[in-house]
Amino acid sequence: MKKNKLQKNNYQNLPNETGFFGEYGGQFVPPQLKKALEEVAAAYEVAKKDPVFQREYKTLLADYVGRPSALFFAKNLTEKLGGAKIYLKREDLNHTGAHKINHCLGEALLAKKMGKKKLLAETGAGQHGVALATAAALMGLECEIHMGAIDVAKQHPNVLRMKMLGAKVVTVNSGGRCLKDAVDSAFGAYLSDYENTFFGIGSVVGPHPYPMMVRDFQSVVGREAREQILLKENKLPDYLVACVGGGSNAMGLFHAFLNDEKVQMIGVEPAGKSFKPGDHAATLTLGKPGTLHGMFTYLLQDEQGNPLSVHSIASGLDYPGVGPQHSYLKDKERVKYTTANDKEALAAFLMLSKVEGIIPALESAHAIAHAVKLAPTLSKEKVIIVNLSGRGDKDVDYVGELLGIS
């Protein structure tokens, strides 16, 4: 049999019962957290099969989030670039402005069913923090969000939103003062009060069951996109493109298509300012396997295995690790991972804004940047779907400063 040849259900049946995607994933945590994680895993297994839970969750997606999100043909961008048709999966139209609300509602609903009193999380760009604070308000739960000091300054509008929603925002001044450090801080807080707290991890990262659980909640993106493109084009897309930091929006789009051999998938990591250590967050491009935040996955690390400092113009992408399922898909060559640098992302941000009247999140602009390069190389019959994972409201002040616009 040809190496890496796809087999029906080969990818969608993962992880295994111990949370591994091949060699990646697992549960590498202190003994006192094992019990808490086992409790979450058991509760989630029940919720997956509970028609009441699923019905309540789907109702919230429809009536509160506003799903299904639109699949928009970017006609102006397509004509400007020439070549393949570009469609945008408009997760930016969701309530709170990004894909994050999809899994935050699922996590908050599960926390409520488990009798927890408080939601705890980390955030980088602030979209996960806003979404979890929103879900906490809806469910009547306390909420505490840990955020690196650099990101607090860059994403001030989201900090205000979280506070207005009733969340406590903890500014993290340790380490590099960005997403990795916020995760460290949040894990520490979780250790001190895990009996009353539900840790709402913000991506397909961390110890089992989080990579699986967040993926499952996000997989609605791909299921909708699959139905929508079949109606619009009467065929599956040729390419799927999404940005990758931790990887939740990419996994959400990719999962429904993993067993379709002809659909090519591209994850776009942040190349930042350069490929020098500390100037980027291109984990799958330049990293190697290691352990971080309770999982075994690709990691940007020094010779002692310590996480390196990272950078991206997009706060939600500056993470030295990545979801373990992405690591597995890279090794199996099912998904191609590439990069876009800060300048390319900023140019794509401005291009989409001026050509389509859609201001994307800087995270999503990395995916747009790759589509801008890819589309002209393809024939007009080809179809690309880009996951527009969030809107750029949170980034306009920062971009304005970078460009000298006031």
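What is the one condition in (1) closer than 29 Å to Lys113 by Cβ; (2) surrounded by fewer than 20 Cβ atoms within 10 Å (Cβ to Cβ); (3) touching a residue at least 40 places away in the same chain (Cβ under 8 Å) that Asp238 does not satisfy?
It fails just one condition, (1).
Specify the residue that is surrounded by the most Cβ atoms within 10 Å (Cβ to Cβ); the eligible residues are those in segment 14-44 that are acidic (Asp, Glu) and over 22 Å from the mean Cα position of the chain (by Cα).
Glu39
Go through segment 317-336 and give me each residue that's among the acidic types (Asp, Glu) and buried (at least 23 other Cβ atoms within 10 Å of the Cβ).
Asp318
Are any of the residues in segment 306-316 free of Cβ contacts under 8 Å to residues at least 24 places away in the same chain, part of a loop (DSSP other than H, G, I, E, B) and surrounded by fewer than 24 Cβ atoms within 10 Å (Cβ to Cβ)?
yes
Within segment 48-74, restricting attention to residues that are hydrophobic (A, V, I, L, M, F, W, C) and over 22 Å from the mean Cα position of the chain (by Cα), which residue is nearest to Met295 (Cα to Cα)?
Phe53
Can you report the number of residues in segment 359-395 which are surrounded by fewer than 24 Cβ atoms within 10 Å (Cβ to Cβ) and within 23 Å of Thr123 (Cβ to Cβ)?
Counting residues in segment 359-395 that are surrounded by fewer than 24 Cβ atoms within 10 Å (Cβ to Cβ) and within 23 Å of Thr123 (Cβ to Cβ) gives 4.
Filter segment 164-178 for residues that are crowded, with 23+ Cβ neighbours inside 10 Å and more than 24 Å from Gly278 (Cβ to Cβ) and give the result.
Passing the criteria: only Ala167.
Here are the criteria: (1) assigned to a helix (DSSP H, G or I); (2) buried (at least 24 other Cβ atoms within 10 Å of the Cβ); (3) of a type in the set (D, E, K, R). Tell me which single one Arg161 does not satisfy.
(2)
Scanning segment 374-406 for residues that are basic (Lys, Arg) and over 22 Å from the mean Cα position of the chain (by Cα), which turns out nearest to Lys235 (Cα to Cα)?
Among them, the one singled out is Lys382.
Tell me, which residue of segment 332-364 that is polar (S, T, N, Q) and assigned to a helix (DSSP H, G or I) is farthest from the chain's Cα centre (by Cα)?
Applying the filter and picking the extreme gives Ser353.
Can you name every residue in segment 228-240 that is part of a helix (DSSP H, G or I) and either closer than 19 Å to Ser389 by Cβ or under 21 Å from the mean Cα position of the chain (by Cα) (or both)?
Gln228, Ile229, listed by residue number.
Condition (residue is assigned to a helix (DSSP H, G or I) and free of Cβ contacts under 8 Å to residues at least 24 places away in the same chain) applied to segment 17-26: is it met by at least one residue?
No: segment 17-26 contains no residue that is assigned to a helix (DSSP H, G or I) and free of Cβ contacts under 8 Å to residues at least 24 places away in the same chain.
Looking only at segment 241-280, count how many residues are closer than 30 Å to Lys382 by Cα, at pLDDT 95 or above and not in a strand (DSSP E or B).
19
Going residue by residue through segment 291-298, is there one that turns out to be modelled with pLDDT of 95 or more and farther than 19 Å from Ile201 by Cβ?
Checked segment 291-298: no residue is modelled with pLDDT of 95 or more and farther than 19 Å from Ile201 by Cβ.
Just checking, which of Lys58, Lys48, Lys113 is on the phi < 0 side of the Ramachandran plot, surrounded by 16 or more Cβ atoms within 10 Å (Cβ to Cβ) and in a helix (DSSP H, G or I)?
After applying the criteria, what remains is Lys113.
Looking for something of a type in the set (Ser, Thr, Tyr), free of Cβ contacts under 8 Å to residues at least 40 places away in the same chain, part of a loop (DSSP other than H, G, I, E, B) and in contact with a helix residue (DSSP H, G or I) (Cβ under 9 Å, 6 or more places away or on another chain) - is there at least one such residue anywhere in segment 211-220?
yes
Just one of the numbered conditions (1) assigned to a loop (DSSP other than H, G, I, E, B); (2) outside the structural domain of Leu37 (by TED's automatic domain parsing) is not true of His208; which one?
(2)
If we keep just the residues of segment 186-201 that are of a type outside the set (Gly, Ala, Ser) and not in a helix (DSSP H, G or I), which is surrounded by the fewest Cβ atoms within 10 Å (Cβ to Cβ)?
Checked segment 186-201; the qualifying residue surrounded by the fewest Cβ atoms within 10 Å (Cβ to Cβ) is Glu195.
Residues Asp181, Asp193: which one is more than 24 Å from Gln325 (Cα to Cα) and charged (D, E, K, R)?
Within the list Asp181, Asp193, the selection yields Asp193.
Going by the conditions given, is Val183 in contact with an Asp or Glu (Cβ under 7 Å, 6 or more places away or on another chain), in a helix (DSSP H, G or I) and buried (at least 19 other Cβ atoms within 10 Å of the Cβ)?
Against the criterion (in contact with an Asp or Glu (Cβ under 7 Å, 6 or more places away or on another chain), in a helix (DSSP H, G or I) and buried (at least 19 other Cβ atoms within 10 Å of the Cβ)), Val183 qualifies.
The values are calculated or read from the model by the stated rules, or taken from the named source; none is laboratory data. The structure displayed is predicted, hence computed values, not measured ones. Here the Cβ is made from the backbone with ideal geometry for all residues, glycine too, and neighbour counts use every protein chain on show.
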